[in-house]
1. Show the residues, 5+ positions off or on another chain, whose built amide H is closer than 5 Å to the amide H of ARG92.
2. Taking every pair of distinct Cα atoms and averaging 1/r, then inverting, what Kirkwood hydrodynamic radius in Å comes out for segment 4-73?
3. Could you run the Karplus curve 6.51 cos²θ - 1.76 cosθ + 1.60 with θ = phi - 60° over segment 115-120 and give me ³J(HN,Hα) per residue in whole Hz, x for Gly and Pro?
4. Can you list the residues, at least 5 places off or on another chain, whose amide H is less than 5 Å from the amide H of SER73, using H built in the peptide plane?
5. Please give the calculated 222 nm ellipticity per residue for the chain, where each DSSP H segment of at least 4 residues contributes -39500 (n - 2.57) and the sum is spread over every residue; nearest 500 deg cm²/dmol?
6. Taking H placed 1.01 Å from N in the peptide plane, check which residues at least 5 places from GLY115 or on another chain put their amide H under 5 Å from its amide H.
7. Going through the cross-link list LYS103/LYS130; LYS97/LYS126; LYS99/LYS123; LYS130/LYS150, which pairs have a Cα-Cα distance over 31 Å in this structure?
Amino acid sequence: MLSEKTVNALIESALVERQDLFLIDFTISPESKISVVIDGDKGVTVEDCMFISRAIENNLDREEVDFSLDVASAGATSPLVNIRQYRKNVGRTLGVKAKPDLKFEGELTAVDDAGVTLEWKTKEPKPVGKGKIVVNKQAKIMYDDILEAKVIIKF
């Protein structure tokens, strides 16, 4: 049986060598299928996936345990789960669902250890008279309050 600890150590060792990459998730199914999801500060190439795949596969013995291995990138529509993902997406538009029942869509303008800052423009009624004016809005959202955050891809 594959040890999660062993596979994690192999992944971490490869990531020490390639510090531009980082782990998003990995699982091992009861059928010994290893699934690894990575991301990178500058995106992920096929070669990056192959590098991680080889780091795992070349250090496990198929005579001991038969396994399958899948290494993939997080993908453009995957939720952000790592602070490094937020940092690499500064300047892009995010859709955020937050506690208690809030939704935001705006430009990610700042990221720190506590949370993120989004900015957007909205139309609001004029304080005096009829019509609407464009108002700049900003929200600081703590990581603990984020239920889901995704990059919004606009065409």
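1. Distant-sequence amide H within range of ARG92: LEU108.
2. Hydrodynamic radius (Kirkwood, Cα pairs) of segment 4-73 is 12.1 Å.
3. With the stated coefficients, segment 115-120 comes to x, 10, 10, 10, 10, 7 Hz.
4. So SER73 has HN proximity to ILE38.
5. Rounded to the nearest 500, the figure is -6000 deg cm²/dmol.
6. Sorted by chain and number, the residues that satisfy this are TYR143.
7. The answer is LYS130/LYS150.
Quick note: the coordinates plus some simple rules give every number you see, no bench work behind them. If you're wondering where the values come from, they're calculated on a predicted model, not measured in any experiment.
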